[in-house]
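Take a look at the structure set out below.
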Amino acid sequence: MARNATNTLLRKAKEAKSDEFYTLLPDIERELQYYGNQFRGKVVFCNCDNPYKSNFCRYFLEHFKELELKRLIVACYKRPKANLFNPDENERGFYLECTEAPSFPKLIDEQQIRYFNGNGDFRSHESISLLKSADVVVTNPPFSLFREFVALLMSYQKQFLIIGNINAITYKEIFQLIKDNKVWLGVNMGRGISGFIVPDHYDLYGTETRTNDKGQKIISPNNCLWLTNLDIQKKHEYIPLTKQYFGNETDFPKYDNYDGINVDRTQNIPKDYPGIIGVPITFLHKYNPDQFEIIRFRKGNDDKDLSINGKFPYFRILIRNRQFI
């Protein structure tokens with residue numbers, strides 16, 4: 001019930017194009033510990049972040065020297081607000097541009113703040129101009145624009161580490177990138193991303209919501225992931241296979257509309273099956289492209305969802321063990 005409640009909240013935010021979800025600092029620290037050496041000498045761009053609110057900004061400022069960053073840019077979209085006395089007020093986005101570690105305890109130097117002529121939308125020509133100068137994008141983009149955001153990064157051949165809803169891997173554009181080994185899942189997902197700070201006007205309901213000691217509202221949907229094209233050790237780890245197909249055929253039902261067997265859990269992938277295997281989408285969290293080949297997603301030969309004895313399991317990814325190719 002609680003999980004459904006927070007998932008409903010995310011869905012409503014997507015439908016309303018309201019995506020003010022701020023990532024928690026512990027979640028950022030938990031993930032970025034695996035990428036530290038990949039920021040050395042790089043320009044990092046957080047292009048969906050208010051410098052004064054974003055924990056991505058805080059993380060990179062606090063670790064600027066340690067990560068040996070060349071430059072940090074943190075850009076903010078500003079929603080237009082009607083102002084009869086000053087029509088331009090609140091309509092311009094702004095960004096922080098930092099080339100050296102801040103002087104503590106003050107993180108942000110006001111002289112490093114610059115204003116866009118426009119609203120700072122990540123798709124604007126001003127934001128794209130900053131994107132072109134960057135090496136790595138790290139942010140929590142609007143979930144409602146996730147496809148468009150990834151497409152933009154790919155078109156400019158940028159490295160990135162971003163947060164998205166788990167359902168994003170079922171989008172045909174994102175799945176194709178994963179299948180082509182152009183992007184992959186990060187280290188943490190699900191409950192590994194503990195929550196998001198939301199605006200005060202959001203209604204909180206269900207046990208997966210809370211208010212922290214600063215009075216900030218937090219929701220914990222437990223259905224998000226990190227998506228990246230930065231190399232990580234996890235991507236090269238082999239899944240240990242212990243199950244056997246031959247002699248246990250009844251444990252692996254075949255699909256009605258595709259020549260392949262069904263596996264309900266990644267850990268149950270048989271080590272001796274040479275054909276096509278259907279696995280849950282959570283398999284992608286452990287996917288090693290050197291160990292398995294991704295064949296297709298969800299559909300059988302009749303272009304209908306994969307079925308077993310007329311029943312449809314949850315979405316499956318069809319894979320093949322490269323050992324038998």
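The values are calculated or read from the model by the stated rules, or taken from the named source; none is laboratory data. Given the structure is predicted, the values throughout are model-derived calculations rather than measurements. Positions of Cβ are generated from backbone atoms using ideal geometry, with glycine treated the same way; all protein chains shown enter the neighbour counts. Accessible surface is based on the protein model in full, side chains and every heavy atom, while ligands, DNA and RNA are left aside. Shrake-Rupley method; radii C 1.70, N 1.55, O 1.52, S 1.80 Å.
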## Note on the structure
Residue pairs within 6 Å by beta carbon, gap of at least six or interchain, first lying in segment 166-190 and closer than 21 Å to GLN233 by Cβ, second buried (at least 19 other Cβ atoms within 10 Å of the Cβ) and among the β-branched types (Val, Ile, Thr), listed first then second, are LEU177/VAL183; GLY186/THR228
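Quick one: is ILE308 under 14 Å from ASN262 (Cβ atoms), β-branched (Val, Ile, Thr) and under 27 Å from the mean Cα position of the chain (by Cα)?
Taking the combined requirement at face value, the residue does not satisfy it.
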### Task
Consider only pairs whose beta carbons are under 6 Å apart and that are at least six residues apart or on different chains; among these, list those whose first residue lies in segment 226-253 and is under 28 Å from TRP184 (Cα atoms) and of a type in the set (Lys, Arg) and whose second residue is open to solvent by less than 50 Å² (accessible area, probe 1.4 Å) and in a helix (DSSP H, G or I).
LYS243/ASN268
### Summary
Counting only strands (runs of 3 or more DSSP E) entirely within segment 216-325, those with at least 3 residues that are at pLDDT 95 or above, of a type outside the set (S, T, N, Q) and in contact with a strand residue (DSSP E or B) (Cβ under 6 Å, 6 or more places away or on another chain) are 224-228, 276-280, 292-297, 316-321
### Message
Quick check on segment 274-292. Is at least one of its residues more than 30 Å from THR139 (Cβ to Cβ) and acidic (Asp, Glu)?
### Response
no
### Residues of segment 261-291 that turn out to be under 24 Å from CYS224 (Cα atoms) and buried (at least 20 other Cβ atoms within 10 Å of the Cβ), as a count
7
### Query
Do any helices (runs of 4 or more DSSP H) entirely within segment 1-84 hold 1 or more residues that are at pLDDT 95 or above, and if so, which?
25-32, 55-62, 64-67
